[in-house]
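Everything on this sheet refers to the single structure shown next.
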Amino acid sequence: MKKLFTFLLLSTFLGCGSLDLYKDYGTVKGWGYKEMPPSQVTTSGDAFYTIKLSDKSYSVAGLVKDGDGEYYYNSLWQDLGWYKDIDGDWSGAYNVHRPKRGHLYFHLKRGVAIYFYPQKTFNAFKVTLDSPTEDLELTN
């Protein structure tokens, strides 16, 4: 019995360690988010934000094209528990997370970020893993 209690206690504490992955960001249902003023967001294709985790970093740059931005926008809303009603408007229960204007939401596995402008618009951006730079020695 004592071993079972210890196992349950340790698995609870060790299992919660993954929640610290986004320690500098808020998280909700697989999406990280960070407050960001619109003046920092650029659609030029240049990286405008770096998501830094303990062992990796990801760059946010370049618009998602060919209508896929709308797809990821809808995915974000659905992941947060929203659905489209008969009129095509988003509806949700009282306890669902409402995306915040002026925030960048990102999903590392999908490689996408959605920025909600203070006005009722959004843009979808690509999220890419930054390759580590290593100094290589040339040998003869």
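Laboratory data are not the source of any read-out in this text; all were calculated from the coordinates shown. Since we're looking at a predicted model, the values are computed, not measured. Heads up, the Cβs are rebuilt from the backbone with ideal geometry, glycines too, and the neighbour counts pull from every protein chain shown.
Couple of notes before you dig in:
- Local electrostatic count, Pro118, Cβ distance below 14 Å [Lys/Arg +1, Asp/Glu -1]: +2
- For the range 34-129, the share of alpha carbon pairs falling in successive 5 Å distance bins from zero is 3, 13, 23, 24, 20, 10, 6, 2, 0 percent.
- Residues whose placed amide H lies under 5 Å from that of Asp130, excluding near-sequence neighbours: Ser57, Tyr58, Ser59
- Put a dot 7 Å past the Cα of Asn74, heading toward its Cβ, do the same for Ser57, and the two dots end up 3.6 nm apart.
- Under the simplified labelling scheme, the Lys29-Arg101 pair shows an inter-label distance of 2.2 nm, with each label point 7 Å from Cα along Cα→Cβ.
- Pairwise label distance in nanometres, Gln40 with Ser131, each label 7 Å out on the Cα-Cβ vector: 2.7
- Relative exposure of Leu129, Leu76, Leu53, judged by other C-beta atoms within 10 Å (fewest first): Leu129, Leu53, Leu76
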